[in-house]
1. Give the long-range amide H neighbours of Asn43: residues separated by 5 or more places, or on another chain, with amide H under 5 Å away, using H modelled in the peptide plane at 1.01 Å from N.
2. For segment 172-268, what does the alpha-carbon gyration tensor say about shape, rounded, prolate or oblate, given a ≥ b ≥ c as the root eigenvalues, a/c under 1.5 as rounded, and a/b over b/c as prolate?
3. Assuming R0 = 51 Å, can you tell me the calculated FRET efficiency for the pair Gln60 and Thr244, based on Cβ-Cβ distance, to the nearest 0.05?
4. Can you figure out the FRET efficiency of Ala107 with Ser187, using R₀ = 45 Å and their beta-carbon distance, to the nearest 0.05?
5. To the nearest 0.05, how large is the calculated FRET efficiency for His40 and Arg220 if R₀ is 56 Å and r is the Cβ-Cβ distance?
6. Note down the nm distance, to one decimal, between modelled labels 7 Å out along Cα→Cβ at Asp87 and at Thr122.
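Quick note: the coordinates plus some simple rules give every number you see, no bench work behind them. Computed from a prediction, not measured in an experiment: that's the story for all the values here. Because the Cβ atoms are built from the backbone with ideal geometry, glycine has one as well, and the counts that use them run over all protein chains shown.
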Amino acid sequence: MTSAGAFNIIGRRRYWYALSLVFILVGMVSLWEHHVHDGHALNWGVDFTGGNSLQLRIDQPFGVGDIRDVLNRFNLGDAVIQKSGADELFIRTRPLSQTEINSILGAIKARWSSTALLRSDTVGPEIGAELRNVAILGIVIGLVLQVIFISIRFRSVRFAIAADVALLHDLLIVIGAFALTQFEVDSSFLAVILTVAGYSINDKIVIFDRIRENLNQRTREPFEPLVNRSVLEALVRSINTAMTAVLAIGAVYVFGGEAIRPVAFGLMMAVITGGYSSIFNASCILVDWENWTSRRGHRAPERPGRRTDAPADVRVAEDGEGQPDRVPVVAPGPARPGGSRRRRRRRR
C-alpha cells in the first residue's frame, strides 16, 4: 500500500486548481478571439451550419487526397470527404448554388470520366440549430441524472456535486481545445462530449469508492489525509487505464486519416482531462467542502469510531495505545447548614 506521505496531492490542491484555471482561461480566450475575428467561436461543420451533401460513384482508382485537390480549386478545402468501399464517395460542403455544384461535378468528371452522381442533398441551418439544442438538452439531463445516481450510490450529495463540478471542468477544456485547434465540429463531436461525461464520471466513481471504503474502516485518520491516501491507492490504476486508452486512440489519430482525426483528438482529450480531474480536482473539491462545512459549524471534523457515550461518573483518559484508565470521580458531600465552625465563631 502506498504511503499517504509519499506525495501529498490533496495538500497541494491550490496548485491543481490554478493549473486547471489556466487551461480553462486559455480555451475561453481562444473562443472569444475566434468569435470576434472569424464570426464563430468553433469551426462548425455542415451538420450545424447547413450545406450540401453529394454521393458519387467512381469506377476508376482514386484517393481522398485527389478529390481534395479538385475541391481546393473551388475554395472547399474544409469539405468533409469520406470514401466508402472501392468506388463510392461522400462529400459534405458549405451551402452551394446549383451552378457551383455543376462546376464541381464537371471538374471531377474531367479527371475521372466514370463519375456518376448518386445523390445530392441540401441541409438547412435550421436542422443544425435543432441538433445543437437537442445536444445541449441531453447533456443537461445527463448531468442531473448523474447527480441523482451518485447521491443515492454514496448516500451524500457532496460526492455528486464534486463529480459534476470536475466534469464541467473536463467539458470546458475539451471545448477550448477544439477552439484552439479549429478542428471541425460536426455530429461526431456529440459522441466526444458524451465520451467525456461517461469516462470522466466512471473514473471519479472508482476513486470515490476507495474513499468510502477507507471511511468505513472507522480509523482515527482525519478526513484530508484519508482522502489523500485513497487517491494514492487508486492512482496507478487510473494512470494505467488512461494510458492504454490514449495509446489506442493515438494510433487512430495518426493512421486513421483526415476524416477521423478530429474525433480521435477529442477522445484523447476526453481521456486525459477525465483522468486528471478525477485525481486532482474531484477529490480536492470534496475535501474543501468538508473543511468549509466544519468551519461553518464551528466544530472540528469528527473522527470516525471515537467514543462519545462515556458515563458521566467515569473519566476516560485515552492515550491511543493501551487500555483507557478509569478514575472514579468522587461526588462532593452535602453542605452543612450555617457554614463551618470558624464562620459561626466570627458571626458571634
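1. Amide H to amide H, under 5 Å and 5 or more residues apart or across chains, Asn43 pairs with Val185.
2. On the way: a/c = 3.49, a/b = 2.56, b/c = 1.36.
Prolate shape, in that a/c is at least 1.5 and a/b is the bigger ratio.
3. Details: r = 42 Å, r/R0 = 0.81.
After rounding to 0.05, the efficiency reads 0.75.
4. Values: r = 28 Å, r/R0 = 0.61.
Using R0 = 45 Å, I get an efficiency of 0.95.
5. Values: r = 57 Å, r/R0 = 1.02.
For His40 and Arg220, the calculated efficiency is 0.50.
6. Using points 7 Å along Cα→Cβ, the separation is 3.0 nm.
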